[in-house]
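Enquirer: Let me begin by handing over the structure; questions about it come next.
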Amino acid sequence: MVRTIYWRDFGGAWTSGSLNIPNNNLYGGLSEFIGGIQAGYNFQAGHILFGVEGEFDGATFAHPALPTPTLGSVRQNWIGTVAGRVGLVADRWLVYAKFGGGWVNSNAILNFPGVSWSGSNTSSGWLAGAGLEYGFKSNWTVRLEYDYLGLANWTSSTVPSISLNRDLQMVKAGINYKFVSGLPDSAAPTRTASPAHTADHEDLAKQSQNPIADLVSLPFQSNTNFNAGPFNRAQEVLNIQPVVPLRINADWNMISRTIIPVISQPSPIFDSNTNGIGDITQSLFFSPAHPGALIWGAGPVFTIPSATDPILGTGRVLLGPTAVFLTTPGHWVIGVLLNNQWSVGGNPLRPPVNTFLAQPFVNYNLAGGWYLTSSPIITADWLAPSGQRWTVPIGGGFGRIFKIGDQPVSASIAGYYNVARPTGTPDWQLRTFFSLLFPEK
């Protein structure tokens, strides 16, 4: 089988190198959001796949190299790679490794006693990576990939010269379109019997309200948080949350849930907001394909430091467990989503992280696709002082399942008031929700 592939990808990258300023080597790395395109050609012989691919990503993060006073700064502009890959194909799964080379274009500024310099440089190096790809339609796949790009040092033309080590680590997710189909639609994995296969609005609503349902969806969740910071400004967080169920075998599914936050964050010092992309979170839930009365899923959750500005993210790599438990008696969908994450990497100059999240959800479905909903997001920062750890909202709202043309969608609006919150954080929230639903025909 021969096929060509084209896809878009996004993710985060971080470095842990050093900017060797004499007697002041404190640079702990930078993190960034990356996004771009790839194109490649694959050949499959039996269960073995061989391929070659090229990638170009834009990078958006300018990070001061040192704490105040700033003695230097580094900005990466773009990343390009070319690699061969080899993988093992099983059903609709592909596990692969890739090897090749890459280039990174960077700008740097140095400003300390005796040195005032700025420059631009494109450096090359070797690339090694591994990933997982899944075909959820005959021409469509999703993937998750880790790459390490070992780059040559960049030395400034100053006296004394300054050496910048900038080896790069990247975690990327992507959705892929295959111009030549690998498997026909008739070979699509058999879905377990689910309410989404019927035309009934309530059945589709219950599917869409289940975080680990066997349903492809693309939710957009806008959270407008009021009275944040010393100037009582509004914080806006738009979460783009693609959900793709992946069939492991006849008994188990893995549900991929990605959260890409687009943030407008009030400044803690100035009466202004910083806008950009925050840290991206990926959850993988392993769930029985034939659950009983209690539906459940559990697995890992991790967050990559993809924020486009330090104020929009932690700068740390986070990892931990996550789980969902729910039941659907009658017209109800009742459950809870839980996770806890700890910092395990990233910029060592940024504070460590240990955070907990619980999201109970209660939905009651009415006639005509209408439903009542309450889904507060309860969080705790275990490293914060006592009395400043918990954010506990209460509230709810309503929504409806309907169609735009032939496209099923779910939309809702809800309000929440924080009965417990750290000082300076928002006191209430308006949440609007819009989700594209893709039930199996």
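Enquirer: Filter segment 147-161 down to residues that are open to solvent by 70 Å² or more (accessible area, probe 1.4 Å) and of a type in the set (V, I, T) and give me whichever is modelled with the lowest pLDDT.
Expert: The selected residue is V159.
Enquirer: Would you confirm whether or not segment 385-400 contains a residue that is under 30 Å from E32 (Cβ atoms), of a type in the set (K, R) and open to solvent by 20 Å² or more (accessible area, probe 1.4 Å)? Break it down into steps so the answer makes sense when it comes.
Expert: Going residue by residue through segment 385-400, those that are under 30 Å from E32 (Cβ atoms) are 388-389, 391.
Subset that is of a type in the set (K, R): 389.
Subsequent filtering for residues that are open to solvent by 20 Å² or more (accessible area, probe 1.4 Å) retains 389.
Scanning segment 385-400 turns up at least one residue that is under 30 Å from E32 (Cβ atoms), of a type in the set (K, R) and open to solvent by 20 Å² or more (accessible area, probe 1.4 Å).
Enquirer: Same structure, new question: Looking at segment 183-194, can you tell me whether even one residue there is at pLDDT 90 or above, open to solvent by 40 Å² or more (accessible area, probe 1.4 Å) and not in a loop (DSSP other than H, G, I, E, B)?
Expert: No: zero hits.
Enquirer: Assess whether V362 counts as being open to solvent by less than 30 Å² (accessible area, probe 1.4 Å) and of a type in the set (A, V, I, L, M, F, W, C).
Expert: On the way: open to solvent by less than 30 Å² (accessible area, probe 1.4 Å): no; of a type in the set (A, V, I, L, M, F, W, C): yes.
It is false that V362 is open to solvent by less than 30 Å² (accessible area, probe 1.4 Å) and of a type in the set (A, V, I, L, M, F, W, C).
Enquirer: I would also like to ask the following. Quick check: is even one residue across segment 147-160 within 30 Å of I248 (Cβ to Cβ) and part of a strand (DSSP E or B)?
Expert: The first filter runs over segment 147-160 and keeps only residues within 30 Å of I248 (Cβ to Cβ), leaving 147-148.
Now narrow it down to the ones that are part of a strand (DSSP E or B): 147-148.
Yes, segment 147-160 contains at least one residue that is within 30 Å of I248 (Cβ to Cβ) and part of a strand (DSSP E or B).
Enquirer: So, of the residues in segment 29-56 that are modelled with pLDDT of 90 or more and either polar (S, T, N, Q) or within 22 Å of the chain's Cα centre (by Cα) (or both), which turns out to be farthest from V95 (Cα to Cα)?
Expert: F56
Enquirer: Just name the residue that is modelled with the lowest pLDDT out of those in segment 65-103 that are open to solvent by 60 Å² or more (accessible area, probe 1.4 Å) and part of a strand (DSSP E or B).
Expert: At the first step, the residues of segment 65-103 found to be open to solvent by 60 Å² or more (accessible area, probe 1.4 Å) are 67-70, 75, 78, 82, 86, 88, 91, 95, 99, 103.
From what is left, the residues that are part of a strand (DSSP E or B) are 75, 78, 82, 86, 88, 95, 99, 103.
Working: R75: 76, W78: 89, V82: 95, V86: 95, L88: 93, V95: 93, F99: 97, W103: 92.
For segment 65-103, the residue satisfying everything is R75.
Enquirer: Something else about it: Restricting to segment 105-142, name every residue that is aromatic (F, W, Y), modelled with pLDDT under 85 and either open to solvent by less than 70 Å² (accessible area, probe 1.4 Å) or not in a strand (DSSP E or B) (or both). If you could, list the steps in order and put the result at the bottom.
Expert: Residues of segment 105-142 aromatic (F, W, Y): 112, 117, 126, 134, 136, 140.
Pick out the ones that are also modelled with pLDDT under 85 and you get 112, 117, 136, 140.
F112, W117, F136, listed by residue number.
Enquirer: Is it true that some residue in segment 331-343 is part of a strand (DSSP E or B), under 24 Å from A59 (Cα atoms) and over 15 Å from the mean Cα position of the chain (by Cα)?
Expert: If we filter segment 331-343 for residues that are part of a strand (DSSP E or B), which is where we start, we get 332-343.
Narrowing further to those that are under 24 Å from A59 (Cα atoms): 343.
Filter once more, keeping what is over 15 Å from the mean Cα position of the chain (by Cα): 343.
Within segment 331-343, one or more residues are part of a strand (DSSP E or B), under 24 Å from A59 (Cα atoms) and over 15 Å from the mean Cα position of the chain (by Cα).
Enquirer: Kindly state which strands (runs of 3 or more DSSP E) lie completely within segment 240-323 and contain at least 2 residues that are surrounded by 20 or more Cβ atoms within 10 Å (Cβ to Cβ). Please lay out each step first, then the result.
Expert: On the way: elements: 243-247, 252-266, 273-277, 280-288, 295-304.
The qualifying strands (runs of 3 or more DSSP E) are 243-247, 252-266, 280-288, 295-304.
Enquirer: Scanning segment 206-228 for residues that are farther than 22 Å from W332 by Cα and touching a Pro at 6+ places or on another chain (Cβ under 7 Å), which turns out surrounded by the most Cβ atoms within 10 Å (Cβ to Cβ)?
Expert: Per the stated criteria, the residue is N225.
Enquirer: Please go through segment 324-339 and give me each residue that is surrounded by fewer than 19 Cβ atoms within 10 Å (Cβ to Cβ) and aliphatic (A, V, I, L, M), ordered by number.
Expert: Across segment 324-339, the qualifying residues are I334, V336, L338.
Per-residue answers, yes or no, for (1) among the hydroxyl-bearing types (S, T, Y); (2) touching a Phe, Trp or Tyr at 6+ places or on another chain (Cβ under 7 Å); (3) more than 21 Å from P376 (Cα to Cα):
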{"residue": "N223", "(1), (2), (3)": "no, no, no"}
{"residue": "R233", "(1), (2), (3)": "no, no, yes"}
{"residue": "E236", "(1), (2), (3)": "no, no, no"}
{"residue": "Q241", "(1), (2), (3)": "no, no, no"}
{"residue": "R247", "(1), (2), (3)": "no, no, yes"}
{"residue": "A250", "(1), (2), (3)": "no, no, yes"}
{"residue": "M254", "(1), (2), (3)": "no, yes, yes"}
{"residue": "V262", "(1), (2), (3)": "no, no, no"}
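The values are calculated or read from the model by the stated rules, or taken from the named source; none is laboratory data. Just so it is clear, the structure is predicted and the values come from calculations on it, not from any experiment. Please note: Cβ atoms are built from the backbone with ideal geometry, for glycine as well, and neighbour counts cover all protein chains shown. The protein model used for the area step is the full one, side chains on, heavy atoms only, and it has no ligands, DNA or RNA in it. Shrake-Rupley method; radii C 1.70, N 1.55, O 1.52, S 1.80 Å.
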